[in-house]
Amino acid sequence: MKRIALTLASVLALFHTIRADEPRPPIFADRTDVGSVLHPGSTKFDAAEQSYTLTGSGANMWFATDAFHFAWTKASGDLSLAATVGFAGKGVDPHRKACLMIRQSLDADSAYVDAAIHGDGLTSLQFRDVKGANTHEVQANVSAPKRVRLTKRGKYTTLDFAGDDGKFQFSGAATKIEFTEPFYLGLGVCSHNANVVETAVFEKIELISPLPAAIGKPTLYSTLETQSLASTDRRVVYVTPTRIEAPNWLRDGKTLLYNSGGRIHTIPATGGTPTVLDTGFAIRCNNDHGLSPDGKMLAISDHSQGQQKSLIYTLPITGGTPKLITPVGPSYWHGWSPDGQTLAYCAERNGEFDIYTIPASGGAETRLTTAKGLDDGPEYSPDARFIYFNSTRTGLMQIWRMKADGSEQEPVTTDEQNNWFPHLSPDGKTMVFLTYDKDVTGHPENKDVQLRRMNLATKKIDVLARLFGGQGTINVPCFSPDGKKIAFVTYQLVP
């Protein structure tokens, strides 16, 4: 039989010529098995119900290759695709997947992004950002939502979900992938077991293409996320239409701390309702805060007092009245020595931003850097031998390190990008940092950035995530106490 592939534009054009009481043609007029499958898949379209039933097999949609059944059409531009998704029967593997998908090609290792509903209810935004790369995911903090929606707007694709009321809300999951037009748009099913066939039903399909032009000022959404360093999988902890910044882990490994609206908040690392920490008079806290090595004290940077310049205070992690540590401002906390005796910070003195240290109990400050240009983001290595920091002394912002007394200052990164805020794993083997493009000045908010990881023994660098963020994403120590995860904030401007 000759295959006929209808483009998305041609299908939508047909909609305008059909009477309301006539059956609509299928949106996804073609189908195929992608990758190596043992059992050929099938697609059934119910014109009256505007639903699709897909049956397919496939070992997985993960790592560098996929195997699944795909119903598709070609598309271009910004669009959204929504559906109510369910599985037929109990299934064999809890990781069977039903997906709404944008895909660059029909190759098994193609770049793609999808909204994936798993058999056990796990809902995630899965993606392979370039051909042949491994698949990654951002897991939503909801299970088996009533409806899901995949929205592509510019370089970013987002996952939304809706409950029984049908009102969509942003899940917090987003990724940056730039597709070449036309790309493939459709529905997929994977059994996650090469010897098994599974069936998924997609109902109440809603396709909007092109998306209407944005009207008015967009809403800024902040998403607090954690990421496994082993798998690089990300999980949404909390999403809010307000600005939150700079997460730390509490020493229990179960709680995160962040700043928002001048206050310090805590929240379970698995998600839940944030709680405001009592910081007394300090109600204009910025994103430079962190815990003492024993987890009993919190350092904050607040500009509510006096000349309203940022000053560093400490207080019990349970809350209380802050104790002033740096009477001169602006001063921005960044690091605590492993023995708990010294704080490291960035401060402006006489028009120059440099790295300083001061006793944690207060006293005289010591200047460690004197190079022209900005020195910022100091953090101690776990063995207390070094302080890592970022500096513009050679032009672009790069990561540097020095001995704890300020001697032997040397570069750690020397590439053609701007690198900020080095954070060391508890074992001292890994450094995570924030990277801006070469032409970005400072560390502004709402930019395309990368979280990158360096193996400090081999100096090898890889990318953990490409995201929309910058200021507030990862300003302060971000490793979990066991070193297995990091926490950070991503942002989206949602029309």
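The values are calculated or read from the model by the stated rules, or taken from the named source; none is laboratory data. What you are looking at is a predicted structure, and each value in this text was computed from that prediction instead of being measured. When we count neighbours, we look across all protein chains shown, and the Cβ atoms used for this are built from the backbone with ideal geometry, even at glycine.
State the number of residues belonging to the range 452-478 that are hydrophobic (A, V, I, L, M, F, W, C), over 14 Å from Thr413 (Cβ atoms) and in contact with a strand residue (DSSP E or B) (Cβ under 7 Å, 6 or more places away or on another chain).
Restricting attention to the range 452-478, the residues satisfying the condition of being hydrophobic (A, V, I, L, M, F, W, C) are 454, 456-457, 461, 463-465, 467-468, 474, 476, 478.
Imposing the further condition that a residue be over 14 Å from Thr413 (Cβ atoms) reduces the set to 457, 464-465, 467-468, 474, 476, 478.
Within this subset, residues satisfying the condition of being in contact with a strand residue (DSSP E or B) (Cβ under 7 Å, 6 or more places away or on another chain) are 464-465, 467-468, 474, 476, 478.
Looking only at that region, the number is 7.
Return the only residue of Ala20, Ala13, Ala5 being modelled with pLDDT under 95, touching a strand residue (DSSP E or B) at 6+ places or on another chain (Cβ under 8 Å) and outside any strand (DSSP E or B).
Details: Ala20 fails: touching a strand residue (DSSP E or B) at 6+ places or on another chain (Cβ under 8 Å); Ala13 fails: touching a strand residue (DSSP E or B) at 6+ places or on another chain (Cβ under 8 Å).
The match here is Ala5.
So which strands (runs of 3 or more DSSP E) are wholly in the range 34-83 and hold at least 3 residues that are polar (S, T, N, Q)?
On the way: elements: 42-46, 51-56, 68-75.
Fully inside the range 34-83 and qualifying: 51-56.
Considering only residues that are of a type in the set (D, E, K, R) and either at pLDDT 95 or above or surrounded by 15 or more Cβ atoms within 10 Å (Cβ to Cβ) (or both), which ones fall in the range 83-135? Spell out how you get there, then give the answer.
From the range 83-135, those of a type in the set (D, E, K, R) are 90, 93, 96-97, 103, 107, 109, 114, 120, 128-129, 131; that's our starting set.
Passing the criteria: Asp93, Arg96, Lys97, Arg103, Asp107, Asp109, Asp114, Asp120, Arg128, Asp129, Lys131.
Kindly indicate which of Thr392, Thr414, Thr473 is buried (at least 20 other Cβ atoms within 10 Å of the Cβ) and of a type in the set (Ser, Thr, Tyr).
Values: Thr392 fails: buried (at least 20 other Cβ atoms within 10 Å of the Cβ); Thr414 fails: buried (at least 20 other Cβ atoms within 10 Å of the Cβ).
Among Thr392, Thr414, Thr473, only Thr473 is buried (at least 20 other Cβ atoms within 10 Å of the Cβ) and of a type in the set (Ser, Thr, Tyr).
Would the range 182-199 turn up any residue that is hydroxyl-bearing (Ser, Thr, Tyr) and more than 20 Å from Val34 (Cα to Cα)? Before you say what the answer is, go through the steps one by one.
Start the filter on the range 182-199 by keeping residues that are hydroxyl-bearing (Ser, Thr, Tyr), which leaves 184, 191, 199.
Imposing the further condition that a residue be more than 20 Å from Val34 (Cα to Cα) reduces the set to none.
No.
Between Tyr258, Tyr221, Tyr238, which is of a type in the set (Phe, Trp, Tyr) and in contact with an Asp or Glu (Cβ under 7 Å, 6 or more places away or on another chain)? Quick ask: steps written out before the conclusion?
On the way: Tyr221 fails: in contact with an Asp or Glu (Cβ under 7 Å, 6 or more places away or on another chain); Tyr238 fails: in contact with an Asp or Glu (Cβ under 7 Å, 6 or more places away or on another chain).
Of Tyr258, Tyr221, Tyr238, the one residue that is of a type in the set (Phe, Trp, Tyr) and in contact with an Asp or Glu (Cβ under 7 Å, 6 or more places away or on another chain) is Tyr258.
Would you point out which residue out of Lys146, Lys155, Lys204 is charged (D, E, K, R) and closer than 22 Å to Leu220 by Cα? Before the answer, list the steps.
Working: Lys146 fails: closer than 22 Å to Leu220 by Cα; Lys204 fails: closer than 22 Å to Leu220 by Cα.
Matching residue, one of Lys146, Lys155, Lys204: Lys155.
Identify all residues within the range 454-485 that are in contact with a Leu (Cβ under 8 Å, 6 or more places away or on another chain) and of a type in the set (Val, Ile, Thr); write none if there are none.
Val463, Thr473, Ile474
Which of the residues that make up the range 345-361 are surrounded by fewer than 15 Cβ atoms within 10 Å (Cβ to Cβ) and either within 26 Å of Leu315 (Cβ to Cβ) or aliphatic (A, V, I, L, M) (or both)?
We begin by selecting, within the range 345-361, every residue surrounded by fewer than 15 Cβ atoms within 10 Å (Cβ to Cβ); these are 349-351, 359, 361.
Listed by number, the residues that qualify are Arg349, Pro359, Ser361.
Does the range 41-64 contain any residue that is farther than 16 Å from Gly188 by Cα, at pLDDT 95 or above and hydrophobic (A, V, I, L, M, F, W, C)?
Yes - at least one qualifying residue is present in the range 41-64.
In the range 138-152, which residues are within 23 Å of Ala75 (Cα to Cα) and either touching a Lys or Arg at 6+ places or on another chain (Cβ under 7 Å) or among the aliphatic types (A, V, I, L, M) (or both)? Full working, then the answer.
Restricting attention to the range 138-152, the residues satisfying the condition of being within 23 Å of Ala75 (Cα to Cα) are 147-152.
Passing the criteria: Val148, Leu150.
Does Asp439 meet the test of being loosely packed, with under 12 Cβ neighbours inside 10 Å and at pLDDT 95 or above?
Yes, satisfied.
For the list (1) surrounded by fewer than 16 Cβ atoms within 10 Å (Cβ to Cβ); (2) more than 28 Å from the chain's Cα centre (by Cα); (3) within 16 Å of Phe179 (Cβ to Cβ), I need the number of the one condition that Thr73 fails.
(1)
Go through (1) surrounded by fewer than 18 Cβ atoms within 10 Å (Cβ to Cβ); (2) more than 19 Å from Ala64 (Cα to Cα); (3) more than 19 Å from the chain's Cα centre (by Cα) and name the single condition Gln169 misses.
Against the list (1) surrounded by fewer than 18 Cβ atoms within 10 Å (Cβ to Cβ); (2) more than 19 Å from Ala64 (Cα to Cα); (3) more than 19 Å from the chain's Cα centre (by Cα), Gln169 comes up short only on (3).
Sort out for me the strands (runs of 3 or more DSSP E) sitting completely within the range 260-340 that have 2 or more residues that are more than 27 Å from the chain's Cα centre (by Cα) and modelled with pLDDT under 95. Write out each step before concluding.
Details: elements: 263-268, 297-302, 311-316, 331-336.
Here the list is empty.
Can Thr490 be described as in a loop (DSSP other than H, G, I, E, B), assigned by TED's automatic domain parsing to the domain that holds Arg251 and out of contact with any His (no Cβ under 6 Å at 6 or more places or on another chain)?
Numbers: in a loop (DSSP other than H, G, I, E, B): no; assigned by TED's automatic domain parsing to the domain that holds Arg251: yes; out of contact with any His (no Cβ under 6 Å at 6 or more places or on another chain): yes.
No, not satisfied.
So Asn141 clears everything in (1) over 26 Å from Val489 (Cα atoms); (2) surrounded by 14 or more Cβ atoms within 10 Å (Cβ to Cβ) except one condition, right? Which one?
That leaves (1) as the condition not met.
Can you pull out the residues in the range 434-477 that are under 14 Å from the mean Cα position of the chain (by Cα) and among the acidic types (Asp, Glu)?
The one that is under 14 Å from the mean Cα position of the chain (by Cα) and among the acidic types (Asp, Glu): Asp448.
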